[in-house]
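Colleague: If you scroll down you'll find the structure; I have some questions about it.
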Amino acid sequence: MKYFIMMKSSTLAMRAQRVAKGMKINTVYTKRTDKQGCHFGLDTDYDAEKLCRMLSLHGIECVRIQRTGDKR
């Protein structure tokens, strides 16, 4: 299952990607646009809830988690 983890800003999303990389978690920095504007965050196959808890220990807040489906 793939997830999109939304952050408050592009800077936080890039910082979160560096932190995840340090923990050997594969993520992709992503920008998404919808009716409410553009959103920055990470796409990942990793457990999104667990990743958000780990990021919070580094002072990075996850705004929202969206399930994006399986792209296999």
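The values are calculated or read from the model by the stated rules, or taken from the named source; none is laboratory data. Being a predicted model, the structure only gives us computed values, none of them experimental. Note: ideal-geometry Cβ built from the backbone for every residue, glycine included; neighbour counts use all protein chains shown. We work out accessible area using only protein heavy atoms, side chains counted, and drop any ligands, DNA or RNA first. Shrake-Rupley method; radii C 1.70, N 1.55, O 1.52, S 1.80 Å.
Colleague: Quick check: at a probe of 1.4 Å, how many percent of the accessible area of segment 6-72 sits on carbon and sulfur atoms?
Modeller: Details: 2310 of 4700 Å².
Carbon-and-sulfur percentage of accessible area, whole number: 49.
Colleague: Let me ask something else about it. Rounded, prolate or oblate, given the Cα gyration tensor of segment 1-66, with a/c below 1.5 counting as rounded? Write down the numbers at each step before the final one.
Modeller: On the way: a/c = 1.69, a/b = 1.42, b/c = 1.19.
The shape class here is prolate.
Colleague: If the cut-off is a Cα-Cα distance under 22 Å, which lysines reach residue 21, setting aside same-chain residues fewer than 8 apart in sequence?
Modeller: 2, 8, 31, 50, 71
Colleague: From the helices alone, meaning DSSP H stretches of at least four residues, give me the mean residue ellipticity at 222 nm for the chain, per-run term -39500 (n - 2.57), in deg cm²/dmol to the nearest 500. Mind dumping the intermediate values first?
Modeller: On the way: 2 runs with 22 residues, N = 72.
About -9000 deg cm²/dmol.
Colleague: Considering the chain, which cysteines have no disulfide-compatible partner, defined as another cysteine with its Cβ under 4.7 Å away?
Modeller: If one checks each Cβ against the other cysteines of the chain, 38 turn up with nothing under 4.7 Å.
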